[in-house]
Every structure is written in structure tokens, then in C-alpha cells.
Amino acid sequence: MTLYLMTAEEKLVKRILSAGSAGIKKTDLRKELGDIDAALEKVISKGEVFVDKRAGAYYCFHKTHYIQSLLNSDPRFKLTYDMIQSLQASVSSSNKELAHTVETLANNISNLARFVLEIKNDQQSSLHQQMLATTNNVPIPTAPRRTMSVHDFKEEFDVALANSGSSIGWVELAKLRNELCDRCNITSDEFYRLVGELTSMHQDRYELSTGGGEGVMIRGLLHGFVRCI
């Protein structure tokens, strides 16, 4: 009989899963499992685990419990979630024409999946910076899913932003997307992921504003304009 031994990532995911929607502190995981930084970075990049800073501490949540943890802790998220649930209930009791109209409206107003993704990106960026600070500034390899580094994207983004600035400095992200997706050979999703990470890492340089037909979701609001501070 072959003895199966769990990998470090599997042990980490199993322990975080057992914590449920309450999550578990990253410091407690270190006490139980030792050095978890490399394993945690891998499972975060796979979307299996989310990290959120609450009450001054970093908490880890399994993907099956993260939505419930947000419902318990974030009133704005719960409001958005309840609105979508209400829309779904209305759709189920309406005729097909009304169902199609409400579904389209719901997709244009708020996309819950993108909202959760932006939270994940914010937390991954903060976690990455913390890991660099606690490992004597030794760089951590870029996650395999990325096709363009934030550093390279920043150079292209700054040039496009400087060339497209309006008289008041605000530029629509949709305009930059059209230019940079073609120039850098990236998708729209990749563009907005990189914009989210870049503006989160350099809040002293970039400012986002609500509005526009597309953009970055931050705490339930669509931010479709950007400018240099």
C-alpha cells in the first residue's frame, strides 16, 4: 500500500478550509505550520485562498467561505449581494422579456464576480509587499498567470496617460484600454487587473474617479477615470 503525504499547499488549504467563514490569522497559521509564505502565495495565485486585512491583522479564507465572510463583515457587499438576489427572484417570477431586461441591467450596474476579484487583487498586492518586507527584500517570482509585469505595464501606462490627458487631467480608462491592449497584446481583463494593482501600489501617484461605462470595481463602485496626482 502506497502512503500518501500531503504537500505544504494541501495542508495549508485544508487548515484554512477548516476555519470556515471566520477565517484564520496568518500569524496563527505560521505558529501551526511554520514557514507558509511560499505555499500561501501559490494557493492565492490559484484562487483557492483569499487574504483580507481586518482589525489590523491578515486573515486567510478558503474560496468556499470567502463570500460568506464578506456578507458577515461588509455591509456594502451584503447590500450589493442582496440586490442581486432580489433581482434574481424578480426575474424568476417575470416573463422572458422582463427577465432579459433585468438581467442586462444587473450586469451593467454591478458585477459581483468582478467586485470579489478586485478585493482579491487588492489583498494580493498588500500581501506581496508584506512578504517582500519580511524576507529581506528578496523578490518573489511573478505568478504564472500574469502575462505582463506591473513594472513594464507602468511604463506603457504612464506614456499613454501623458499623451491622453484632458484639460483637467482626467482620462477615461476605456480610452487607455483600447490603446494599451493593442500595443501590449493583452486582454481587457488583464488591462484592468494591472490597472487595479498599479493604482493600489502607487496611491500617491494615481487617482481613480467613479463613472464611465467600464473600469475598476472598488468597494462596489465602478471607477472609470484616472489621472496623475
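The values are calculated or read from the model by the stated rules, or taken from the named source; none is laboratory data. Every value quoted in this text rests on a predicted model; they were computed, and no experiment measured them. Methodologically, a virtual Cβ is constructed for each residue, glycine included, from the backbone with ideal geometry; neighbour enumeration extends over all protein chains shown. Note: accessible area is taken over every heavy atom of the protein model, side chains too, but ligands, DNA and RNA are not part of it. Shrake-Rupley method; radii C 1.70, N 1.55, O 1.52, S 1.80 Å.
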Could you please tell me which pairs satisfy a Cβ distance under 8 Å, a separation of 6+ or placement on different chains, a first residue in region 73-87 that is closer than 24 Å to residue 23 by Cα, and a second residue that is of a type in the set (Val, Ile, Thr)?
81/67
Which of the residues belonging to region 198-211 are over 13 Å from residue 154 (Cα atoms) and crowded, with 17+ Cβ neighbours inside 10 Å?
208
Within region 1-48, track down each residue that is among the small types (Gly, Ala, Ser) and closer than 25 Å to residue 74 by Cβ.
18, 19, 20, 21, 22, 23, 45, 47
Elements of type helices (runs of 4 or more DSSP H) contained in region 1-86, each with 1 or more residues being over 27 Å from residue 218 (Cα atoms) and open to solvent by less than 70 Å² (accessible area, probe 1.4 Å):
8-18, 26-33, 37-45
Region 188-212 residues that are within 14 Å of residue 177 (Cβ to Cβ) and in the same structural domain as residue 177 (by the TED database), paired with ones that are among the hydroxyl-bearing types (Ser, Thr, Tyr) and surrounded by fewer than 17 Cβ atoms within 10 Å (Cβ to Cβ) (beta carbon under 7 Å, 6 or more apart):
190/147
Please determine whether any residue of region 140-163 is modelled with pLDDT under 90 and touching a His at 6+ places or on another chain (Cβ under 7 Å).
yes
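Which ones in region 176-197 are open to solvent by 40 Å² or more (accessible area, probe 1.4 Å) and closer than 14 Å to residue 156 by Cα? Please lay out each step first, then the result.
In the first step, residues of region 176-197 are kept if they are open to solvent by 40 Å² or more (accessible area, probe 1.4 Å); the result is 177-179, 182-183, 185, 187-189.
Hits for region 176-197 are 177, 178, 179, 182, 183, 185.
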With the structure loaded, tell me whether residue 115 is outside any helix (DSSP H, G or I), crowded, with 19+ Cβ neighbours inside 10 Å and modelled with pLDDT of 60 or more or whether it fails that test.
no
